[in-house]
Amino acid sequence: MKTTLNLSRFFKACNPSRTLVMGNASDRQYYIDFSNVRGCKIVEELQRTITRISPDEPTCQLFTGHIGCGKSTELQRLKTELEMAGFHVVYFESSQDLDMADIDVSDILLSVARQVSVSLEAIGIKVKPGYFTNLFREIGDFLQSPVDISAQAELSLGIAKITAKTKDSPQLRTQLRQYLEPRTSSILQAINEEVLDKAVEHLKARGQKGLVVIIDNLDRVDMRPLASGRSQPEYLFIDRGEQLRRLKCHVVYTIPLALIFSNEYETLKNRLGGGVAPKVLPMVLVRQRNGSDYEPGMSLLRQLVLARAFPEIPENARLEFITELFEQPEILDRLCRVSGGHIRNLLGLLYSCLQRQDPPFERDCLEAVIKDYRDDLLLAIDEEEWQLLYEVVNQQSVKGESEYQRLLRSMFVFEYRDSLGRWFGISPALAETEKVLAWEQNKLPGKSHLSQESIVTASRVTDY
């Protein structure tokens, strides 16, 4: 089979910051379903809860995962599948509306109201802002900065004008929150009665099954401590979780992964999750607990790389084109292993190779990129963190929120799921340092967690 690599298209497809939009045919051809090698089928579970278990009663589901592991792409897939099942889905990235370093519950609620209103207006459903017309006028008086909204104006326009006035002024934002805080219950009631209930009513009259709101990027909420001593995520998702849960439509919230390791995890699960645990998206399983390759995961990562280069080639024929991208197939396997099953890592390494040379990539090119990546990680590790990493190598576990913050958030350690449950492994790039290699060699024979390839490579890595 003859084919030519479209270098420009390949370069764009490898951009690690790009989210695949499953509603676009051009993006769908790049998508690889990793659910069988992640140890969980999260999209299917989220979808089933809405479409099969509770289609007519509001649900509130929580979704989290490691930075760059593919959450947004999976949520885009959920959106497409729910739309195919007959639901109207409002997906939005909260970071486009909100300042992740400074968020309150009222910000999230108004953002939901605005995004739902915009989405409904786009399909010809107008929401009359009865309660909000008065609220906007009162806010204008309170801020001594009139908000010009007519009674006939769209709700989304009013909220947008309020947001615009306070976006660049922390002082105005603080004043607005002081005004809105005692009115949160009334605002929530108005959103439910004037926006969400009406939306569901209009949608069902059109033959659709209901409304789903997917709020992405709330996992990026800053961990900063508040004056109360609580962190911002604890305040939003635990202390105020019951209010966020009361929206009268199907809602999927992304939440910070740190909360999974919090002492108040059960409180989070009960208040915001309604007793149901958050769904956690782990890495693609490319290695087993003993360090050897997990071939099903390796196979799908190879397909991810090849699909970005040759999307028009059928999956069962793509392997024939490995040498169009890499001088030897072993170089592709090296890339997949060192990524640790972290999608953004893999694409980032591939993107860096493309910045250095045209395919087919030489081994020296990939090794230089890996060395730069490893050196960046090593610069950030202090002696105390090396001790924590030693425990991870030996116990394959992470305990508590502080260890999460230091190891997983910094991408020193990755989380995996297999038939035995959850386990943690050190980043393969760090596993090749002489320090980690020495730890492994001090173990009993047969207990090594490093592949032979890692041991060979590690002989060239500087000891830090």
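The values are calculated or read from the model by the stated rules, or taken from the named source; none is laboratory data. Nothing here was measured: the structure is a model prediction, and the numbers come from that model. A quick note on method: Cβ atoms are made from the backbone with ideal geometry, for glycine too, and the neighbour counts reach across all protein chains shown. The accessibility values were calculated without ligands, DNA or RNA, using every heavy atom of the protein model including side chains. Shrake-Rupley method; radii C 1.70, N 1.55, O 1.52, S 1.80 Å.
Numerical summary
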quantity: Of residues in the range 1-43 being within 24 Å of Met283 (Cβ to Cβ) and polar (S, T, N, Q), the one most open to solvent (accessible area, probe 1.4 Å); calculated: Asn36
quantity: Selection status of Phe326, touching a residue at least 12 places away in the same chain (Cβ under 8 Å), under 29 Å from Trp423 (Cβ atoms) and of a type in the set (Phe, Trp, Tyr); calculated: no
quantity: Test: residue in the range 192-199 that is small (Gly, Ala, Ser) and in contact with a strand residue (DSSP E or B) (Cβ under 8 Å, 6 or more places away or on another chain); calculated: yes
quantity: Unique match (being more than 20 Å from the chain's Cα centre (by Cα) and at pLDDT below 90) among Val127, Val105; calculated: Val127
quantity: Residue within the range 286-301 that is charged (D, E, K, R), in contact with a Ser or Thr (Cβ under 9 Å, 6 or more places away or on another chain) and closer than 20 Å to Gly68 by Cα present; calculated: yes
quantity: Residues (open to solvent by 30 Å² or more (accessible area, probe 1.4 Å), of a type outside the set (A, V, I, L, M) and either modelled with pLDDT of 80 or more or within 19 Å of Val195 (Cα to Cα) (or both)) located in the range 143-159; calculated: Ser150, Gln152, Glu154
quantity: Close pairs from the range 173-198: first touching a residue at least 24 places away in the same chain (Cβ under 8 Å) and open to solvent by less than 20 Å² (accessible area, probe 1.4 Å), partner hydroxyl-bearing (Ser, Thr, Tyr) and in a helix (DSSP H, G or I), Cβ under 6 Å, at least 6 apart; calculated: Leu176/Thr166; Leu180/Ser106; Thr184/Ser106; Ala190/Tyr131
quantity: All helices (runs of 4 or more DSSP H) inside the range 213-312 with 2 or more residues being open to solvent by 10 Å² or more (accessible area, probe 1.4 Å) and in contact (Cβ under 8 Å) with a residue 40 or more places away in the chain; calculated: 295-309
quantity: Subset of the range 1-32 [more than 16 Å from Gly68 (Cα to Cα) and assigned to a loop (DSSP other than H, G, I, E, B)]; calculated: Met1, Lys2, Thr3, Thr4, Leu5, Asn6, Met22, Gly23, Asn24, Gln29, Tyr30
quantity: Scan of the range 188-212 for residues that are assigned to a helix (DSSP H, G or I) and farther than 24 Å from Thr254 by Cβ, ordered by number; calculated: Gln189, Ala190, Glu193, Glu194, Asp197, Lys198, Glu201, His202, Lys204, Ala205
quantity: Pairs, first closer than 25 Å to Thr73 by Cβ in the range 90-112, second of a type in the set (Phe, Trp, Tyr) and open to solvent by 10 Å² or more (accessible area, probe 1.4 Å), C-beta under 6 Å, six or more apart; calculated: none
quantity: Qualifying positions in the range 57-105 - touching an Asp or Glu at 6+ places or on another chain (Cβ under 7 Å), of a type in the set (S, T, N, Q) and surrounded by fewer than 22 Cβ atoms within 10 Å (Cβ to Cβ); calculated: Thr64, Ser72
quantity: Restricting the range 411-441 to residues that are of a type in the set (Asp, Glu) and within 25 Å of the chain's Cα centre (by Cα), the residue that is surrounded by the fewest Cβ atoms within 10 Å (Cβ to Cβ); calculated: Asp418
quantity: Enumeration of residues in the range 106-134 that are under 23 Å from Tyr235 (Cα atoms), hydrophobic (A, V, I, L, M, F, W, C) and open to solvent by 10 Å² or more (accessible area, probe 1.4 Å); calculated: Leu110
quantity: Test: residue in the range 355-367 that is in contact (Cβ under 8 Å) with a residue 40 or more places away in the chain and over 29 Å from the mean Cα position of the chain (by Cα); calculated: yes
quantity: Unmet criterion (only one of (1) on the phi > 0 side of the Ramachandran plot; (2) crowded, with 20+ Cβ neighbours inside 10 Å; (3) of a type outside the set (Ser, Thr, Tyr)) for Ile322; calculated: (1)
quantity: Total residues in the range 373-400, condition surrounded by fewer than 19 Cβ atoms within 10 Å (Cβ to Cβ), of a type in the set (D, E, K, R) and in a helix (DSSP H, G or I); calculated: 6
